[in-house]
Amino acid sequence: MSKKPIIVFEGIEGSGKSSHINFVSNYLKKKKIKFIKIREPGGSKSSEKIRRLILNNKSDFNKSTDLLLYLAARSENLSLLKKNYKKKIILIDRFVDSTIAYQHYGFGVDLSLIEKINRYLLKNIKITFTFLNIVNQKNMLTRLKKRKKLNRYDKFNFIFYNKVQKGFLKLAKRKTKIYKIVDSNKDLKKNKEIILNKVKMLIK
């Protein structure tokens with residue numbers, strides 16, 4: 001296991017993944033451990049420009065355009081990933097499995113197409129471990145209501161998010177050795193402890 005792992009935080013809207021990745025990054029900062037943190041879509045300057053386009057509430061792309069924009073944003077992060085791969089810990093807020101969960105399980109885009117383009121983009125870059133944050137409808141809606149601003153992907157109905165979350169769980173079932181399901185409906189402090197203990201194991 002690499003001591004400079006790629007650790008990904010996945011989950012639907014309101015699942016707590018961004019809070020958990022920020023918690024881990026703050027821990028690494030305090031310990032003066034070198035790392036980078038990116039989000040998808042986003043990360044590099046060019047990727048952030050694509051993010052604003054995808055998530056803009058005025059955007060109304062079809063599912064194929066959405067997929068290609070997400071993959072374009074990932075492509076723009078490749079130099080950043082390659083530069084730091086196995087040299088620094090890499091924390092990512094959403095990555096490959098988000099594309100599969102949302103675009104395939106959510107919107108029905110062909111899975112083989114998504115996987116083929118991802119293989120082309122990432123080549124030898126491998127994810128070390130993924131934390132999948134799951135959440136029920138009640139808690140998801142409560143958390144979204146607390147946000148000051150909702151983007152385009154915060155506004156789908158729960159039937160869609162449920163399909164996406166079930167997609168994530170299918171992926172987790174196939175990758176049990178490199179996946180940890182975190183029940184975000186449970187105590188936040190306890191979940192942070194579970195995540196941090198695993199991160200410590202991955203980087204020691």
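The values are calculated or read from the model by the stated rules, or taken from the named source; none is laboratory data. Just so it is clear, the structure is predicted and the values come from calculations on it, not from any experiment. When we count neighbours, we look across all protein chains shown, and the Cβ atoms used for this are built from the backbone with ideal geometry, even at glycine.
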>> Can you find a residue that is surrounded by fewer than 20 Cβ atoms within 10 Å (Cβ to Cβ), among the small types (Gly, Ala, Ser) and part of a loop (DSSP other than H, G, I, E, B) anywhere in the stretch 109-118?
In response: no
> Within the group Thr130, Thr99, which residue is in a helix (DSSP H, G or I) and under 16 Å from the mean Cα position of the chain (by Cα)?
Replying inline: Thr99
>> When you check Ile89 against the structure, is it in contact (Cβ under 8 Å) with a residue 40 or more places away in the chain, in contact with a Leu (Cβ under 9 Å, 6 or more places away or on another chain), surrounded by 15 or more Cβ atoms within 10 Å (Cβ to Cβ) and under 24 Å from Gly106 (Cβ atoms), yes or no?
In response: no
> In the set Lys116, Lys149, which member is without any contact (Cβ under 8 Å) to a residue 24 or more places away in the chain, out of contact with any helix residue (DSSP H, G or I) (no Cβ under 7 Å at 6 or more places or on another chain) and within 21 Å of Glu13 (Cα to Cα)?
Replying inline: Lys149
> Going through the stretch 45-86 one residue at a time, which ones are in contact (Cβ under 8 Å) with a residue 24 or more places away in the chain and outside any helix (DSSP H, G or I)?
Replying inline: Asn56, Asn57, Ser59, Tyr85, Lys86
>> Tell me whether the stretch 180-201 contains one or more residues that are touching a Ser or Thr at 6+ places or on another chain (Cβ under 7 Å) and either buried (at least 16 other Cβ atoms within 10 Å of the Cβ) or modelled with pLDDT under 95 (or both).
In response: yes
>> If I go through the stretch 21-35 residue by residue, how many of them are under 16 Å from Lys88 (Cβ atoms), within 17 Å of the chain's Cα centre (by Cα) and either free of Cβ contacts under 8 Å to residues at least 40 places away in the same chain or assigned to a helix (DSSP H, G or I) (or both)?
In response: 3
> Of the numbered conditions (1) on the phi > 0 side of the Ramachandran plot; (2) more than 16 Å from the chain's Cα centre (by Cα); (3) not small (Gly, Ala, Ser), Lys83 satisfies every one except a single condition; which is it?
Replying inline: (1)
> Among (1) of a type in the set (Lys, Arg); (2) within 17 Å of the chain's Cα centre (by Cα); (3) loosely packed, with under 15 Cβ neighbours inside 10 Å, where does Lys163 come up short?
Replying inline: (3)
>> Can you tell me which condition Ile7 does not meet? The list is (1) without any contact (Cβ under 8 Å) to a residue 60 or more places away in the chain; (2) touching a strand residue (DSSP E or B) at 6+ places or on another chain (Cβ under 9 Å), and all the others hold.
In response: (1)
> With respect to Ile38, is the statement that it is out of contact with any Ser or Thr (no Cβ under 6 Å at 6 or more places or on another chain), over 22 Å from Lys175 (Cα atoms) and either of a type in the set (Ser, Thr, Tyr) or outside any strand (DSSP E or B) (or both) true?
Replying inline: no
> Which of the residues that make up the stretch 13-28 are touching a strand residue (DSSP E or B) at 6+ places or on another chain (Cβ under 8 Å) and not polar (S, T, N, Q)?
Replying inline: Gly16, Lys17, His20, Ile21, Val24, Leu28
